[in-house]
Amino acid sequence: MMAALTDAERFPLLTPALAKTLKTYREHPAAPRFNYACGDRLTAEGLKRVRAFEAQVKKRRSSPKGLPPWIEEKVDEWLKKVPFYRQRGGRAKDFETLPAIGREDLLATPWAFVPDGRALDDLMVYETTGTTGAPLGVMYHPEVPSMYLVLLRSALKAAGVELKGRPGVALLLVGAQEKALTFVSGSTYLDGAGYVKVNLKPSDWRRPEDRATYLSFCSPEVVTGDPVAFQELLDLKVPLRPKALVSTSLALTAGLRKKLESTFHCPVLDVYSMTECRPLAASTGGDFEIIPPDVHVEILDDRGRPLPDGRRGEVAITGGRNDFLPLIRYRTGDHAAMVRRGGRRFLKGLEGRAPVVYLGSDGRRVPSIDIARALGPLALSHYVLHQRADGSFLFKCPNPADHRSALRALLEKKLGSKIRLSVEKLAEEDRRGGKVIPHRSDVKNPRGPLW
Amino acid sequence: MTFPALPLLTRRLAACPPAFLEAPRWEGSGSLNVAALVYDTLDFMGGPPAATTALAPYLGPLEKMEKPSTAQERLRLTALACWLLNDSFFRDRPDLAPAAEEFLRSGWGELPSILKARDAVAVPERREELARRLLKALDLRPEGETPAQAEDRLGALDSVELRRVMEASRQAQERAKSVLEAMRKKAAQEAAAQYGRE
């Protein structure tokens, strides 16, 4: 049983104003049944480091071609102190010959990425849902999420939006999932502004109509979510007037973007983010501009060699600010080409994860994230769930014989007991450009209730 | 330049008289007189006679920091090296005497804290290591080997390096264990708020 913390422990710099905000949004009569509580855990020292990072982000918007000046020193340090890299060997001077690493390396030996001597007392663990493969427990320290806000603020500013952080709710994260953690939190970095995370599933609320009432009451500066949740938000017809919408996690189609922009009268920012390094790039409709100044981005060919600007390949990253996970040439599994304009870096033609909603045998729609969560306990390194146009399912994974009965039970629970399901071994041709796309559906515009 | 045959040296070590493994003479106790052995060995090699003051390292701990048990092993290993240097190959070799004297006096490093003298007699790899260490100190190598081969072979036998590797491996295992344990514990605890979905 998880020991509950007090708000003073969740927010080491808790102010009376933030305490009031937490109470107001937790206890509103139309509030959902929140199922979690958490804070930013930011100490005075931590806040200083977040502010210093903010200054660094403001200063370094442009990035000249070639290796950034910090890379040799950082990589040299990691080659010495990080067990995984030390064992592999190589020299920082020969950066481009260092072998690229992948998600499978992080899965196999997460401990080997923690530098020698790094204290573990402020370690936190974030379990990914595994929308791109096996769930991954990513270690981080409390400043990492607040630094995410720094980068988000910077990306919003580039889109002409100022995230002020003010009394009230600065950020509202909406989800549309079978299960999600929901809570009221806040941010010391945003001067004590509130942060609310809700799930639009009606049974998470006392009355379905409370959703519109509560979201209107929150009146957030910015709403974040994935395209599936945004579609639900549109259907709810909540009269929100945020300064911006921030879409993450899944690829945003041009059609949905247009609809969101015209409904909410604000820019829609598509953020390319991953748990391993948090936000990497953002787009307001065109190419994705790379945001963090402390991440070196390369485009690699299938042998791990860097490709010149304009050539399409796999996005690989080095750097970041999570010192429990220093990354050297980490292959993200996503593909794009690098282009530069005015000293700024952009990812062109970035292929994100397309939102997939399956149609269950009982006529319900089931978002892929719910499938990813349900399959989590099987810890599959890769899998593909493909719904054919006739509604039947094909599941592929590396060792189907080990999981066949558990798989059927889990999938029937999510997709209905009458699904037609076949299970096969994952083949080499399922790797598209080296990446296995886990969710696919040929069912056009599935209709039906989500819950 | 001629080099000694390694098997002759290792066989010589294996046949070392048990007296060389006795307790070194030290503050009135012990029977193994290492200072006398060193004196006689350097004389056997044709080097200049060792001054009485130069024999101090063979009479007890090198300094206060040296543990008595380590000093005892160092002195026993010194005696074994003297036994090797009394092989006919080293007779009347004043050219080798200064390096031999230096090795006997200060060439042991961490080895006495790791290697027991009795193992340097009883265990084939440790016999070979001691013989090779001595040859290296004298700028020699086993007959029939190139310098690189000799270096490689000693590297593979080096007890100090082996312990360092094992210690590093033990520390890495301990670290992996504590990180995994912390991960398991922290995954079950409340974490800091995530402001977005990845």
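What follows draws every value from the coordinates through simple rules; no lab data is involved. Since we're looking at a predicted model, the values are computed, not measured. Methodologically, a virtual Cβ is constructed for each residue, glycine included, from the backbone with ideal geometry; neighbour enumeration extends over all protein chains shown.
Worth pointing out:
- At R0 = 41 Å, FRET efficiency that the Cβ-Cβ distance of B:L180 and A:A44 yields, to 0.05: 0.85
- Only helices enter the 222 nm calculation for chain A: every DSSP H run of n ≥ 4 contributes -39,500 (n - 2.57), and dividing by all residues gives -8000 deg cm²/dmol, rounded to 500.
- Least to most buried among B:M1, A:M147, B:M183 (fewest other Cβ within 10 Å first): B:M1, B:M183, A:M147
- Mean Cα-pair separation over length for the range B:1-118, i.e. relative contact order, pairs under 8 Å, 6 or more apart, %: 31 percent
- Extension gain for B:K116 to B:D43 (0.36 nm times residue separation, less C-alpha to C-alpha distance): 23.6 nm.
- Restriction of the trypsin sites (Lys or Arg not before Pro) in the range A:300-349 to DSSP coil positions whose beta-carbon has at most 10 other beta-carbons within 10 angstrom yields A:R303.
- Amide H contacts of A:S185: A:Y195, A:V196, A:K197, each under 5 Å away and 5 or more positions distant or on a separate chain (H built 1.01 Å from N in the peptide plane; Pro and chain starts excluded).
- Per-residue mean of C-beta atoms belonging to partner chains within 10 Å, peptide A:117-124: 4
- Taking other residues whose beta carbon is less than 12 angstrom from the beta carbon of A:S283, and scoring Lys, Arg as +1 and Asp, Glu as -1, yields -1.
- The label point for A:R341 and the one for A:R33, both projected 7 Å from the Cα toward the Cβ, are 4.9 nm apart.
- Top of B:L75, B:L180, B:L162 by mean-square fluctuation, Gaussian network on chain B, Cα under 10 Å: B:L180
- If the convex hull is drawn through the Cα atoms of the protein assembly as shown, its volume per residue in Å³: 221 Å³
- Summing Lys and Arg as +1 and Asp and Glu as -1 over all other residues whose Cβ lies under 11 Å from the Cβ of B:A36 gives a net charge of -1.
- Distance violations [Cα-Cα > 21 Å] among A:K48/B:K186; A:K396/A:K418; A:K23/A:K197; A:K59/A:K164; A:K197/A:K243: A:K48/B:K186
- Across chain B, the relative contact order, built from alpha-carbon pairs under 8 Å that are at least six residues apart, equals 23 percent.
- Rounded FRET efficiency, nearest 0.05, which uses the C-beta distance separating B:S169 from A:A8 and R0 of 51 Å: 0.70
- Where a label projected 7 Å from the Cα of B:E161 along Cα→Cβ would reach, residues of the range B:99-141 with amide N under 11 Å: none
- Once C-alpha pairs closer than 8 Å and six or more residues apart are averaged by separation and normalised to the residue number of chain A, the relative contact order reads 15 percent.
- For peptide B:176-182, the mean count of partner chain Cβ atoms within 10 Å of a residue's Cβ comes to 5.
- The charge dipole of the protein assembly as shown, taken about the Cα centre with unit charges on the Cβ atoms of Lys, Arg (+1) and Asp, Glu (-1), comes to about 2960 debye, rounded to the nearest 20.
- Loop-resident sites, the range A:1-108, for GluC sites (Glu not before Pro), counting at most 13 other Cβ within 10 Å (DSSP): A:E27
- Among B:A182, B:A56, B:A35, residue whose mean-square fluctuation peaks in a GNM of chain B (springs only between Cα atoms under 10 Å): B:A182
- DSSP bridge pairs, the protein assembly as shown: antiparallel proportion in percent, nearest 5: 65 percent
- 10 Å Cβ neighbours from other chains, averaged over peptide A:143-153: 2
- Once the chain from A:E96 to A:D235 is taken as fully extended at 0.36 nm per residue, the excess over their C-alpha distance is 45.2 nm.
- Shape category assigned to the range B:12-79 from the gyration tensor of Cα positions, a/c cut at 1.5: oblate
- Residues considered: B:E181, B:E110, B:E129. Largest GNM mean-square fluctuation over chain B, using C-alpha springs under 10 Å, is found at B:E181.
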